[in-house]
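Data first, discussion second: the structure below is written as structure tokens.
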Amino acid sequence: MRRWKLLAGLVFLLVVLPVTCALAKTGTVTASSLNIRKSASTESDVVGRLREGDKVTIDDTQGSWYKISASGKKGYVAKKYISVNGSSSGSKSSDSKSSDSKSSGSSNGTCAPGDKGDAVKSVQKRLKSLGYYSGSIDGDYGNGTKTAVKNFQKRNGLKETGKVNSDTLKKLNSSNAKKADSSDSSGNGNGTERLDWFNGGSNVIPKGATFKVKDIRTGKVFTCKRWSGYNHLDAEPKTSTDTKTMLSIFGHWSWKRRAILVKYNGHVYAASMNGMPHGTGTIGDNNFDGHFCIHFYKSKTHGSAQVDSAHQNCVATAMNYSW
């Protein structure tokens, strides 16, 4: 019996232990930015990202994926972007055929939130042609693209995941893909309207009117009052509480543009705002020194009387959202 126990222990040392040690490898990321996926699939949720040169511990292997631990996170990464023990087999970040590097899209055209590259651009172009997407064709799978994908999936009877899997991609590129359901070309099919500022839009929210503003990125809402404005709308936070909410959105007062929704009289309009108090203010107890600017479709700046591309990009982004 003792001899058998010794033999079993020897088998463990010679067979099981080397396998375990083989899995306990470390590797280095070779892509400029690499997604960590929840499971071994490009359609799985992104749970983290790694940068070129980051070290990972390889816990297991599954097909073309490594199960790794890094920076306190666990998940799966594509093997081709990991150099193991100094191996040069990992693909460099300049590889344009990456299947899960943040710098490019999937080789088969599928993509998901967090991805960037040509695959995403192709999806954005197709969604725009069908009326679901009005943002920039920038190859960045952000919230605007995700919302457009979900709207397309809903309209075409697909599972609303917000991810472009093989079924969604097939339908998207088919000749019978349904266009966005909108009887008004100035809307997005979900209640958000495009307010053409110099085509009657400047009179929709009259001076002195109170309305709501919703920041797209944070979802925070505050109340405003229109003070004036000819080339665009000049607004003020209505109360000191509204000013506090607005400041929490920006972090600090800034001219930076942000995509927003404006809700007034039962309608929701795509818009853009900056966060810098300036000029005249009419509300004395709101802790806001002046007013700020809200731009709509084709509105202009006061100083140059020109359409501001940054504001218009935000307006286009806001068209992909609903209140």
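Rule-based calculations on the coordinates, nothing more; no lab input. All of these numbers come straight from a predicted model, not from anything done at the bench. Glycine gets a Cβ as well: all are built from the backbone with ideal geometry, and neighbour counts include every protein chain shown.
Laid out as a table, the results:
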| item | result |
| --- | --- |
| Charge dipole magnitude, Cβ of K and R +1, D and E -1 - region 115-260, Cα centre, debye nearest 20 | 320 debye |
| Formal net charge of residues neighbouring Phe292 (Cβ-Cβ distance under 10 Å; K, R +1; D, E -1) | -2 |
| Residue exposure sequence - Glu52, Glu193 - by fewest surrounding Cβ within 10 Å | Glu52, Glu193 |
| Point-charge dipole on Cβ atoms (K/R +1, D/E -1) for region 118-172, about Cα centre, debye to 20 | 240 debye |
| Cα-based reach from Lys244 at 26 Å (exclusive), listing lysines while leaving out same-chain residues under 8 positions away | Lys207, Lys212, Lys214, Lys220, Lys225, Lys256, Lys263 |
| Net charge dipole size for region 192-318 [Lys, Arg +1 and Asp, Glu -1 on Cβ; Debye, nearest 20] | 280 debye |
| Relative packing of peptides 70-78, 255-263 - highest average C-beta neighbours within 10 Å first | 255-263, 70-78 |
| For region 185-280, fraction of C-alpha pairs farther apart than 17 Å, in % | 49 percent |
| Pairwise label distance in nanometres, Thr223 with Ser71, each label 7 Å out on the Cα-Cβ vector | 4.2 nm |
| Among Ile260, Leu233, Thr223 - extreme Cα towards positive end, dipole of region 210-323, charges at beta-carbon | Ile260 |
| Residue-span extension gain [Ser175 to Val84] - 0.36 nm each, minus C-alpha spacing | 28.3 nm |
| Between region 256-323 and region 112-140, the alpha-carbon center distance in angstrom | 25 Å |
| With eigenvalues of the C-alpha gyration tensor scaled by 5 and rooted, region 118-172, Å | 16, 11, 10 |
| Extension reserve of the Ala310-Ser322 stretch, reckoned as 0.36 nm per residue once the Cα distance is removed | 2.3 nm |
